[in-house]
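Here's the structure, in structure tokens; my notes come after.
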Amino acid sequence: MTTSWGLGLRMPGRTLLVGCGKIGIRLGEKVLASGGEVTAIRRTAGALPSGFRTIAADLEKPLADELPEFDSVVVTLPPSRAESDRGSIYPLALPALADALPRVPSRVVFVSSTRVFEGRPGPTPLTEADETRATSPGGTALAEGEQLARDLFGAIVVRPAGIYGPGRDSLIRRVLAGDAVDGTRRTNRIHETDVVRLLDALVRAETPPALVHGVDREPVLLGEVAAFIAAELGVAAPPAVDPPVGGGTVLDGGLARQLLGELRYPTFREGYAEMIAER
């Protein structure tokens with residue numbers, strides 16, 4: 001593993017997980033295992049590991065009480081508000097969080113998505129230096145959330161591609177159902193385990209990069225992924241969408257690999273083969 005980012009030199013300390021779904025929970029468990037403290041803030045405080053402290057709050061509204069100080073904050077809020085037709089949550093949630101914190105934590109990580117590049121299809125790999133171009137409401141909300149998180153907190157931004165792993169098996173289910181897929185579409189993905197590893201590395205790095213793409217080693221056409229899954233399952237490859245639409249981007253994940261060394265799941269093959277073997 002490269003040491004150019006000062007990995008392992010910073011302790012997460014008192015960590016606030018904002019949103020705290022499955023990825024936040026797994027990250028929090030890593031922080032607890034290393035001796036840190038974890039507080040999760042979300043609408044409902046139930047169904048969290050016993051070592052987590054919890055704050056039940058709706059970040060669409062100002063918090064009733066001031067939060068304690070935290071050393072690290074990781075924001076994993078989805079872009080849509082509770083009611084899908086009400087727009088982005090970030091213009092409400094991020095200022096509410098900033099107002100409730102007594103000071104800006106020394107490390108804030110904002111989890112976005114590679115959807116911010118949806119308006120830049122093509123075979124040329126896009127790096128962290130490339131400008132975003134969102135075309136959907138969700139992609140636009142993510143791009144605006146990134147900027148707001150930088151403005152309010154000086155946040156590090158992480159953009160995972162399509163996250164898959166246990167419980168994230170929609171493509172396996174589509175192949176089993178014989179659903180048609182657009183095999184000509186370019187796709188990028190990353191296993192949930194490597195997303196958690198990347199977030200943990202960014203919380204701990206002494207001098208982390210300001211922006212990282214979370215993608216595995218092999219951008220690939222969707223048809224190749226579907227064919228691999230079908231072969232592993234022992235079923236027929238799914239039919240092709242007619243006519244094919246194509247499109248999709250190619251993302252470069254070199255910076256993430258500098259942070260992590262090798263990925264636990266370097267390509268879709270290792271991840272999907274394991275998921276299918278465990279079914």
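Here, each number is a calculation from the coordinates, and none is a lab measurement. Everything numeric here is computed off the predicted structure, so don't read it as measured data. All Cβ positions, glycine included, derive from the backbone under ideal geometry; neighbour counts span all protein chains shown.
So, by mean Cβ neighbours within 10 angstrom, what's the order for 39-47, 91-99, 237-245 with the highest one leading?
91-99, 39-47, 237-245
Charges only on Cβ, +1 for Lys and Arg, -1 for Asp and Glu: so what's the dipole of region 40-99 about the Cα centre, in debye to the nearest 20?
I would put it at about 240 debye.
Looking only at region 1-139, where both bridge partners belong to it, what percent of the DSSP beta bridges are antiparallel (to the nearest 5)?
5
With θ set to phi - 60° and the Karplus curve 6.51 cos²θ - 1.76 cosθ + 1.60, what are the ³J(HN,Hα) couplings of region 49-65 in order, to the nearest whole Hz, using x for Gly and Pro?
x, 5, x, 7, 7, 10, 10, 8, 7, 9, 6, 6, 10, x, 6, 5, 10
Could you give the length gained on full extension between Asp242 and Ser106, defined as 0.36 nm per residue of separation minus the Cα-Cα distance, in nm?
43.8 nm
Could you pull out every residue, at least 5 positions away or on a different chain, whose amide H is within less than 5 Å of the one on Gly214? Hs are placed 1.01 Å off N in the peptide plane, and Pro or chain starts have none.
Arg159, Ala161
Between Glu278 and Lys61, what's the calculated FRET efficiency when r is the beta-carbon distance and R0 is 35 Å? Round to 0.05.
That pair, Glu278 with Lys61, gives E of 0.30.
Ratio of region 118-250's C-alpha Rg to 2.2 N^0.38 Å, to two decimals?
For region 118-250, the normalised Cα radius of gyration comes out at 1.19.
Simple spin-label model, 7 Å along Cα-to-Cβ: Ala231 to Met11 in nm?
Computed distance between label sites Ala231 and Met11 equals 4.9 nm.
With labels modelled as points extended 7 Å from the Cα through the Cβ direction, what inter-label distance (nm, one decimal) is found for Arg173 paired with Glu69?
4.6
What shape does region 235-279 have by the C-alpha gyration tensor, where a ≥ b ≥ c are the square roots of the eigenvalues, rounded means a/c under 1.5, and otherwise prolate means a/b greater than b/c and oblate the rest?
Judged from the Cα gyration tensor, region 235-279 comes out oblate (a/c at least 1.5, b/c at or above a/b).
HN-Hα J couplings of region 274-279 from phi, Karplus 6.51/-1.76/1.60, θ = phi - 60°, integer Hz, Gly and Pro as x?
Listing the rounded values in order: 5, 4, 5, 5, 8, 5 Hz.
Once the piece of chain linking Thr207 and Ser50 is laid out straight, how much longer is it, given 0.36 nm per residue of separation minus the C-alpha distance between them?
Going from the current span to full extension adds 53.4 nm.
So how do Phe153, Phe117 line up by other beta-carbon neighbours within 10 Å, fewest first?
Listed from fewest to most nearby Cβ atoms, that is Phe153, Phe117.
Percent antiparallel among DSSP beta bridges with both residues in the chain, to the nearest 5?
Around 10 percent of the beta bridges assigned by DSSP in the chain are antiparallel ones.
About its Cα centre, how strong a charge dipole does the chain have in debye, to the nearest 20, once Lys and Arg get +1 and Asp and Glu get -1 at the Cβ?
Once rounded to the nearest 20, the dipole reads 260 debye.
I need the phi-derived Karplus couplings for region 255-263: 6.51 cos²θ - 1.76 cosθ + 1.60, θ = phi - 60°, integer Hz, Gly and Pro marked x.
These are the phi-based 3J(HN,Hα) values: 5, 4, 5, 4, 6, 9, x, 6, 6 Hz.
Quick check: from the Cα gyration tensor, does region 1-144 come out rounded (a/c under 1.5), prolate or oblate?
In terms of gyration-tensor shape, oblate.
Under 5 Å between amide hydrogens, which residues at least 5 positions from Val108 or on another chain qualify, with H placed 1.01 Å from N in the peptide plane?
Sorted by chain and number, the residues that satisfy this are Val73, Ile156.
By count of other Cβ within 10 Å, fewest leading, how are Ser113, Ser80 ordered?
Ser80, Ser113
For region 192-279, what does the alpha-carbon gyration tensor say about shape, rounded, prolate or oblate, given a ≥ b ≥ c as the root eigenvalues, a/c under 1.5 as rounded, and a/b over b/c as prolate?
oblate
How much length, in nm to one decimal, is gained on full extension between Glu218 and Gln258, taken as 0.36 nm per residue of separation minus their Cα-Cα distance?
Gain on extension, Glu218 to Gln258, equals 12.8 nm.
Cut-off is 10 Å between beta-carbons; in what order do Phe52, Phe70, Phe110 appear when sorted fewest neighbours first?
Listed from fewest to most nearby Cβ atoms, that is Phe52, Phe70, Phe110.
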